[in-house]
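The values are calculated or read from the model by the stated rules, or taken from the named source; none is laboratory data. Everything numeric in this text was worked out from a predicted model, so none of it was measured. Here the Cβ positions follow ideal geometry from the backbone for every residue, glycine too, while neighbour counts run over all protein chains shown. Only protein heavy atoms, including side chains, enter the accessible area calculation; ligands, DNA and RNA are left aside. Shrake-Rupley method; radii C 1.70, N 1.55, O 1.52, S 1.80 Å.
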Number of protein chains: 2
Amino acid sequence: MTHDARTEHAPAASDGTAPDMSWFAWGDPAEAKELDPGTRELVSQVLRTRTEDMPPVAEEDVVLSGSRLDERLREVFAGIVGTPQVRTDDTARLLHSGGKSTPDLLARRAGKASPAPDAVLYPADHDQVERVLAVCSAERVAVVPFGGGTSVVGGVSPVDGGFRAVISLDLRRLNRLVSLDATSLTAVLGAGVRTPHAEEMLGEHGLTLGHMPQSYEYATIGGYAATRSSGQASAGYGRFEDMVVGLRVATPRGTLEAGGPPASAAGPDLRRLLVGSEGTLGVITEVAVRVRPRPERVLDEAWSFPDYATGVDALRTLAQSDTRPTMARLSDETETFVNAALGGREAVPGCQAVLGFEGTDSEVESRSAVVRRLLEAAGGTPLGPEPVAHWRETRFHAPYLRDTLLSAGVLAETLETAASWSDLLPLHAAVVGALTGALDDDESGAVVQCHVSHTYATGASLYFTVATGAGEDPAGRWDRAKRASSDAIVANGGTITHHHAVGTDHRPWMTAELGPLGAEVLRAVKAALDPEGVLNPGKLIPEA
Amino acid sequence: MTHDARTEHAPAASDGTAPDMSWFAWGDPAEAKELDPGTRELVSQVLRTRTEDMPPVAEEDVVLSGSRLDERLREVFAGIVGTPQVRTDDTARLLHSGGKSTPDLLARRAGKASPAPDAVLYPADHDQVERVLAVCSAERVAVVPFGGGTSVVGGVSPVDGGFRAVISLDLRRLNRLVSLDATSLTAVLGAGVRTPHAEEMLGEHGLTLGHMPQSYEYATIGGYAATRSSGQASAGYGRFEDMVVGLRVATPRGTLEAGGPPASAAGPDLRRLLVGSEGTLGVITEVAVRVRPRPERVLDEAWSFPDYATGVDALRTLAQSDTRPTMARLSDETETFVNAALGGREAVPGCQAVLGFEGTDSEVESRSAVVRRLLEAAGGTPLGPEPVAHWRETRFHAPYLRDTLLSAGVLAETLETAASWSDLLPLHAAVVGALTGALDDDESGAVVQCHVSHTYATGASLYFTVATGAGEDPAGRWDRAKRASSDAIVANGGTITHHHAVGTDHRPWMTAELGPLGAEVLRAVKAALDPEGVLNPGKLIPEA
């Protein structure tokens, strides 16, 4: 194999119980570099804003409300998961007090970690999860399933939904390769398995999952299924939902298992009702996933296009052909320029795309040759492998850069959508316009950049990154931008989320997304599986 | 294009309102040839049974119960769809009194067409469908959506579910290409469009759907979506559910629209809840489907394998590679022998596979070369294109042959399943054993043959054809065999149906398929969309 994209960034211990992420930042803050003074000056100039240090408060200055878990309930839970696996200390509660969106971090960095869960439980297996849910339902305690804690949409925020308490159900101990069928290329993985650990366990059998989202280092198998995740190599490996062969789900009403055979016409596909349910219908404890042989070869090639429209058309040609790259991403003009500037390289005019091919030697050879012909015919110019190598090196670093900028008083946040090819460029323009309109003001300018990162025969995703000065009220400033861009997305044929999921943050747009009757269907399913409504209240499913 | 697989068998008029199928047989009985005396003698010998003429009764001798639609309701419906579009005559009712399974045909050929629907309605558009459903729900009238009427599992049987009457809702007038987005390769088609008509309308734009099930000539777009259909070229074009970009569904509670963007993480995918719902949750009126450019070239090649296990392994290798044929089918030893005998050809020992490649010239060239290498390495011997050409010529004829055999006192019925690659051969043996055990008796022997017709990375389908003497009680005889094979399927890791759907006939196995909680989820969704339960009662969803 030319290079190993699968294990180089693996932070997990071999038992999969990787360290927690920082309470105030993505991952391990030691990985985040400070801004050098030159870049800081440049950012100030471009954004027309003063940069100012905005450090987080000290951990001991964070305010947590007291735990509402009474002694009787603590003992009931301890009887199920074991006493050490019921934690009510501030450290555990702070680490489970929310996800990793900019609003999440702004609050915690300012010392506000309320609400925090009243307890964190660490069940060991499916049966313990199911028993915990039965207790929560009977005792009216809200339950927030917690995988890697990487949500950027409020998906793990401990909303109590009016119940007497809320617990965070940390699934890290469900971290086994439960079974492997190498003939059928299917592996059953515990929901709490982090991706590097999954790759390590599968790699021993010469297999890979091939799922590489930006959250790769921390996100879990169960979390991917719960949120309809999509990895950077989705063109070749598919979205996570396409890899899900089967699911095991614990609910307050018992166990639900879905899937198994490779295809079926036995009624609606209940896998697809559980995938994307974000802990509101049940807790996914095991996922049977399709796996693949590890690629013999990875071949990278960057391409340049004179403008975004030409590049988008070229990616569409690939996505609608039978011969595709494994990975294809196209930056718009702004992102192409910013990436070059941040990398200290000269920007090639126009738009840059990074492509990767994975597979057997001969397949990579023949597929890349066909793609090269198609892209040249579509107006592209090859740039060789070097820009892709640079992208691969830094591809998990963006959240760290976001945190570094935040410490320097700059908001750098992302949002994403997908639409048909016909709608894509007008949607791009509308979202850029909405973000600029909301953020380019007396306090600061705003830089909005975008890339296409996932392509399909009928359309593609758009991933926006926006940078702006934090201003006097950073949370309010971002909230305005988020509302404006979400409204623009819904009004221009986009989905409210292509792979970040819904959580609390996208929920206000869900009735528009599903229609009132579609929302009612979700409420009916929830009432059947979670009659008391204790599962992840306040997330995903809009109220009537 | 080398040859046109898409229009050669198109019986539809240009407005899409193709003729009804015969009330007692598949399609147009004029297409069915009589058995020549030699074949008849051979069949008698092989099955150790007397063949006897079993002609259908005359149409005027068919017994229909009287219509229970009263004058007031008839006027209400006429006010919605127009007076001529509410039919209560025996001709219309007989034509909508069931599908095309062997049990269906045995009953009608014997003069029993009860239950028949109390009326047949032909709505013109979505709004009329929705208004009809509102009336049915308020007036407690059961509704059976009717597309091409090709169901072989009782899906269109007019079960009244204890309601005061039952109507058949024939969707043939929803037969338009509603819209086409050639950039996003997406077409919106009316639910009542038959496939040849769809191909004709898309063909004017150089496009194709590529969905070619055996029911191709009569089945409809809405029916495909309602039943999770799979076409013969599913390896290349995907299952129908994979082509569904969006759906418009009328329910007693109003309109539900799902899908649109190419991919989303906005909660569970409600498209997948409606696809496969078989008219029990709503009536699909429009389907947005992914379309493709018509292939420049079709290349066929047959292969021989020394035995079924070797052939199955070879197909698995293809399905797990990135370079696949568009179509691949592998007959077991019995089917290979029978096909050759029926075609008057000498049987090649072992198992025969037919493969097809569709696409651009260069893609077909490169894909077929890769596949050839893989199959040779897997122990296959190429047989050239001729056997595939023969298969293409006769591929829609099997239902006619079934009817011809029935007229000669021989039951020839099919059933199907899918399982993981690991489970496939044991499942094959179990089903062959169950069918032989149920049918090989004093009355007759039984011939059971099988092919793999749909392959996936994690498993494949099995399609069985069984022939046996009709005996004294043909319906009872088939019922025994169906129960034995269905039990064997469920006990050996198979799904109760890979593409025939559930209807009435597979419903007894649905709780085993979904689990009790999964079945409850479907009932909850139904209660939300169809609170009175008037939509296709007695189908798909098991009772509590």
Complete set of residues in region A:358-367 that are within 21 Å of A:Gly238 (Cβ to Cβ) and either more than 14 Å from every other protein chain (Cβ to nearest Cβ) or in contact (Cβ under 8 Å) with a residue 60 or more places away in the chain (or both): A:Glu358, A:Gly359, A:Thr360, A:Val364
If B:Thr326 passes every condition in (1) open to solvent by less than 20 Å² (accessible area, probe 1.4 Å); (2) polar (S, T, N, Q); (3) out of contact with any strand residue (DSSP E or B) (no Cβ under 6 Å at 6 or more places or on another chain) but one, which one does it miss? (3)
What single numbered condition from (1) within 14 Å of another protein chain (Cβ to nearest Cβ); (2) in contact with a strand residue (DSSP E or B) (Cβ under 6 Å, 6 or more places away or on another chain) fails to hold for B:Arg372? (2)
With of a type outside the set (Val, Ile, Thr), more than 10 Å from chain A (Cβ to nearest Cβ), within 30 Å of B:Ala138 (Cβ to Cβ) and not in a strand (DSSP E or B) as the only criterion, which of B:Gly476, B:Gly533, B:Gly471 stands out? B:Gly533
Out of all the residues in region A:512-530, which are more than 7 Å from chain B (Cβ to nearest Cβ) and without any contact (Cβ under 8 Å) to a residue 12 or more places away in the chain? A:Pro516
Could you tell me whether any residue of region A:478-498 is under 21 Å from A:Gly98 (Cα atoms) and among the polar types (S, T, N, Q)? yes
When restricted to A:Val312, A:Val338, the only residue within 12 Å of chain B (Cβ to nearest Cβ), aliphatic (A, V, I, L, M) and within 26 Å of A:Ala418 (Cβ to Cβ) is A:Val312
All positions within region B:95-128 that are touching a Leu at 6+ places or on another chain (Cβ under 7 Å) and in a helix (DSSP H, G or I): B:Thr102, B:Leu105
Qualifying positions in region B:29-52 - of a type outside the set (A, V, I, L, M), assigned to a loop (DSSP other than H, G, I, E, B) and at pLDDT below 90: B:Lys33, B:Glu34, B:Asp36, B:Thr49, B:Arg50, B:Thr51, B:Glu52
Among the residues of region B:488-511, write down those that are more than 8 Å from every other protein chain (Cβ to nearest Cβ) and of a type in the set (A, V, I, L, M). B:Ala488, B:Ile489, B:Val490, B:Ala491
Grab the strands (runs of 3 or more DSSP E) fully contained in region B:146-206, keeping just those with 1 or more residues being buried (at least 20 other Cβ atoms within 10 Å of the Cβ) and outside the structural domain of B:Ala225 (by TED's automatic domain parsing). none
If we scan region A:403-422, do we find a residue that is over 22 Å from A:Ser230 (Cα atoms) and either charged (D, E, K, R) or assigned by TED's automatic domain parsing to the domain that holds A:Glu335 (or both)? yes
For region B:411-454: of the residues being open to solvent by less than 10 Å² (accessible area, probe 1.4 Å), part of a helix (DSSP H, G or I) and out of contact with any Cys (no Cβ under 9 Å at 6 or more places or on another chain), which is farthest from the other protein chains (Cβ to nearest Cβ)? B:Leu439
Can you say whether B:Val143 is over 20 Å from B:Gly27 (Cα atoms), assigned by TED's automatic domain parsing to the domain that holds B:Pro537 and assigned to a helix (DSSP H, G or I), as far as the supplied structure shows? no
Criterion first (surrounded by fewer than 24 Cβ atoms within 10 Å (Cβ to Cβ), within 10 Å of chain B (Cβ to nearest Cβ) and part of a loop (DSSP other than H, G, I, E, B)) does A:Ala457 satisfy it? yes
Please enumerate the residues belonging to region A:460-478 that are buried (at least 24 other Cβ atoms within 10 Å of the Cβ) and touching an Asp or Glu at 6+ places or on another chain (Cβ under 7 Å). A:Ser461, A:Leu462, A:Val466, A:Gly469
Can you tell which of B:Lys539, B:Lys526 is crowded, with 24+ Cβ neighbours inside 10 Å and either charged (D, E, K, R) or in the same structural domain as B:Gly276 (by TED's automatic domain parsing) (or both)? B:Lys539
Which one of these does A:Ser485 not meet: (1) closer than 22 Å to A:Thr336 by Cα; (2) within 14 Å of chain B (Cβ to nearest Cβ); (3) buried (at least 23 other Cβ atoms within 10 Å of the Cβ)? (2)
In region A:496-514, is there at least one residue being under 23 Å from A:Asp441 (Cβ atoms) and under 21 Å from the mean Cα position of the chain (by Cα)? yes
Here, helices (runs of 4 or more DSSP H) confined to region B:222-302 with at least 1 residues that are open to solvent by less than 10 Å² (accessible area, probe 1.4 Å) and facing another protein chain (nearest Cβ under 7 Å) are B:271-274
Suppose we filter region A:257-282 for residues that are among the aliphatic types (A, V, I, L, M) and more than 25 Å from the chain's Cα centre (by Cα); how many remain? 3
